[in-house]
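These notes concern the structure reproduced below.
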Amino acid sequence: VFEPLIIESHRGKYTVRFGEKPFAPLQRSPLAGAHFIIDAKVASLYPRELEPALSSGAALLIEATETNKSLHRFPEYVEHLVSHDVRKTHRLVAIGGGIIQDITCFLAATLLRGIPWHFYPTTLLAQADSCIGSKSSINVGDVKNILGTFTPPVEIYVSTEVLETLEGEEVRSGIGEMLKVHAIKNPAAFDGIAADYDRLYSDNRLLEGYIYHSLEIKKGFIEIDEFDQGPRNVMNYGHTFGHAIESATGFEIPHGIAVTMGMDMANYLSLRLGLTTASHYQRMHGVLKTNFMAHGRASIPLEPFLGALRRDKKHTDDELRVILPDSEGRITIRLLAGDQGFQDLCADYLSKELSA
Ligand SMILES: NC(=O)c1ccc[n+]([C@@H]2O[C@H](COP(=O)([O-])OP(=O)(O)OC[C@H]3O[C@@H](n4cnc5c(N)ncnc54)[C@H](O)[C@@H]3O)[C@@H](O)[C@H]2O)c1
Ligand SMILES: [Zn+2]
């Protein structure tokens, strides 16, 4: 088990603790003033471990769906908390993956102008990536992640044992983000996790080490640029194209798997634009493809993809801000013209390379 990881934020320090037993701190800490927001599936899978929270009388169970993190659902959550006499001196406790995190974090930011929140991430994506970094994002209608805040939690508790009940696809989604952050660190770090790829599924200790390391790498970026004004942008590697892929396929592809496709696509475009070399493209292609092909979805429609890319909130009117590998395999931020040539390269990737 690893030492706690301390993260510096604009609200002060917060801690990621690692432990053997799922939700162990619930058994020891006083629960007065805690309002639990729990993924309904996790509640049904872990009734014994979550017993203190479930029997506290203050638990709100929510199904982890994108609709449930939409603005129109929030009055219900607020009314629940108000009817349980929530106070500024209380705390919210999120138990679940990124969806429960986003709901709780957004409530914590706005309820009573801000109350503390704690987090027990139960998906690999949340443990290895989203649990740190302060962001909340919620949906409005069909527009995903359009409202948000920067609101760090007080404490995070990670136990990899809860990952044993996760669907294979959700594990690959988390691994997608882990591959991303290792690629951002440097080519050798990516090659290291790629070489261990198969063992990540069978060796929990090894997985925990890579979770820890993923958070350590991300910590380096969020501590210098918590509000995502510059250096942290590089964490969007695979996301510009990944988001467009998610949108073009009606969000049926888990986020981290779309990101894995997005990284491969970024590498391909970089190669075709002469910015990186065939060896860097090939070096990463094998493991990225293994991670996304298991999803079984290989066709992405071009027009909806390009439409989503144009609507991406990070772009200026005629330039696309994309994160690409350079000739040394380093992941760097670039501005590209979204011209016909660029669109043709996207079409090539989606029609030939993706399914090749
Ligand atoms: N705020 C951020 O920084 C940030 C970053 C990345 C993603 N996100 C958001 O997170 C969401 C995706 O989150 P996610 O990938 O963590 O998954 P999720 O919360 O959508 O959960 C995925 C599925 O796994 C189930 N599940 C959760 N824990 C489980 C467990 N231990 N065993 C079995 N099943 C379990 C859930 O019920 C759900 O069916 C998206 O809405 C995305 O926009 C937010
Ligand atoms: Zn992501």
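Distances over 13 Å make up what percent of all Cα-Cα pairs in the stretch 28-82? The partial results should precede the final answer.
On the way: 935 of 1485 pairs.
In whole percent, the share of Cα-Cα pairs in the stretch 28-82 beyond 13 Å is 63.
Measuring from label point to label point, each 7 Å out along Cα→Cβ, what is the TYR201 to LYS144 span in nm?
2.4 nm
Taking Cα pairs under 8 Å and at least six residues apart, what relative contact order does the stretch 1-59 come out at, in percent?
28 percent
I want to verify the translational diffusion coefficient of the stretch 1-157 in µm²/s; compute it with Stokes-Einstein, Rh as the Kirkwood radius over Cα pairs, at 10 °C and 1.306 mPa s.
In µm²/s, the coefficient rounds to 102.
Using θ = phi - 60° and the Karplus form 6.51 cos²θ - 1.76 cosθ + 1.60, what ³J(HN,Hα) does each residue of the stretch 151-162 get, whole Hz, x for Gly and Pro?
Taking θ as phi minus 60°, the curve returns 9, x, x, 8, 7, 10, 10, 10, 10, 6, 4, 5 Hz for the stretch 151-162.
Mind checking the stretch 257-356 for trypsin sites (Lys or Arg not before Pro) that DSSP puts in a loop (not H, G, I, E or B) and that have at most 11 other Cβ atoms within 10 Å? Numbers along the way, then the final one.
On the way: sites: ARG272, ARG283, LYS289, ARG297, ARG310, ARG311, LYS313, LYS314, ARG321, ARG330, ARG334, LYS352; in loops: ARG297, LYS313, LYS314, ARG330.
In loop regions of the stretch 257-356 (DSSP not H, G, I, E or B), the sparsely surrounded trypsin sites (Lys or Arg not before Pro) are LYS313.
Among SER134, SER29, SER279, which one shows the biggest mean-square fluctuation in a GNM of the chain, springs joining Cα atoms closer than 10 Å?
Most flexible of the set in this elastic network: SER29.
Looking at the chain, do any whole DSSP H helices span at least 27 angstrom along their long axis by alpha carbon and average -1.0 or above on Kyte-Doolittle, and which? Working shown, then result.
Values: long enough: 204-224 (31 Å, -0.07).
Span-like helices, by this rule, are 204-224.
Write down, largest first, the equivalent ellipsoid semi-axes of the stretch 264-356 in whole Å, where each equals the square root of 5 times an eigenvalue of the alpha-carbon gyration tensor. Please list the in-between numbers first.
Values: eigenvalues 84, 66, 26 Å².
Rounded to whole Å, the semi-axes are 20, 18, 11.
Taking amide H atoms as placed 1.01 Å from N in the peptide plane, list the residues 5 or more away in sequence, or in a different chain, whose amide H sits under 5 Å from that of SER70.
ASN139
How large, in Å, is the stretch 37-128 by the Kirkwood hydrodynamic radius built from its alpha-carbon pairs?
Every distinct Cα pair counted, the radius reaches 13.3 Å.
Suppose we keep just the DSSP beta bridges with both residues in the chain; what percent of those would be antiparallel, to 5?
Working: 17 of 38 bridges.
Around 45 percent of the beta bridges assigned by DSSP in the chain are antiparallel ones.
What nm distance separates the two modelled labels at GLN229 and GLU319, each placed 7 Å from Cα along Cα→Cβ?
Roughly 1.9 nm, to one decimal.
Quick check for you: with a 1.4 Å probe and neighbouring chains kept, what is the accessible area per residue of the chain, in Å²?
Values: 14840 Å² over 356 residues.
With all protein chains present, the chain gives 42 Å² per residue.
Please find, in a Gaussian network model of the chain (springs between Cα atoms separated by less than 10 Å), the residue of ILE115, ILE100, ILE175 whose mean-square fluctuation is greatest.
Most flexible of the set in this elastic network: ILE115.
Can you give the extra length, in nm with one decimal, that the chain gains between ALA356 and GLN27 once fully stretched, where that is 0.36 nm per residue apart less the Cα-Cα distance?
Length gained, ALA356 through GLN27: 113.4 nm.
Quick one: net charge around ASP264, please, counting Lys, Arg +1 and Asp, Glu -1 for every other residue with C-beta under 12 Å from its C-beta.
Net local charge, ASP264 excluded: +2.
Quick one: which residues, 5 or more positions from ILE62 or on another chain, have an amide H under 5 Å from its amide H? H modelled 1.01 Å from N in the peptide plane, none for Pro or chain starts.
It is ILE38, ASP39, ALA40, by chain and number.
With every protein chain left in place, what is the accessible area of ARG11 in Å² (1.4 Å probe, nearest 10)?
150 Å²
What is the percent of Cα-Cα separations in the chain that go past 29 Å?
Percentage above 29 Å: 39.
Rg and Dmax of the stretch 223-277 over Cα atoms: what are they, in angstrom?
Expressed in Å, the Cα Rg and Dmax of the stretch 223-277 come to 12.9, 35.
The values are calculated or read from the model by the stated rules, or taken from the named source; none is laboratory data. Because the structure is predicted, anything quoted here is derived from the model rather than measured. Don't worry about glycine lacking a Cβ; one is built from the backbone with ideal geometry, like all the others, and counts go over all protein chains shown. Heads up: the accessible areas ignore ligands, DNA and RNA and are worked out on the full protein's heavy atoms, side chains in. Shrake-Rupley method; radii C 1.70, N 1.55, O 1.52, S 1.80 Å.
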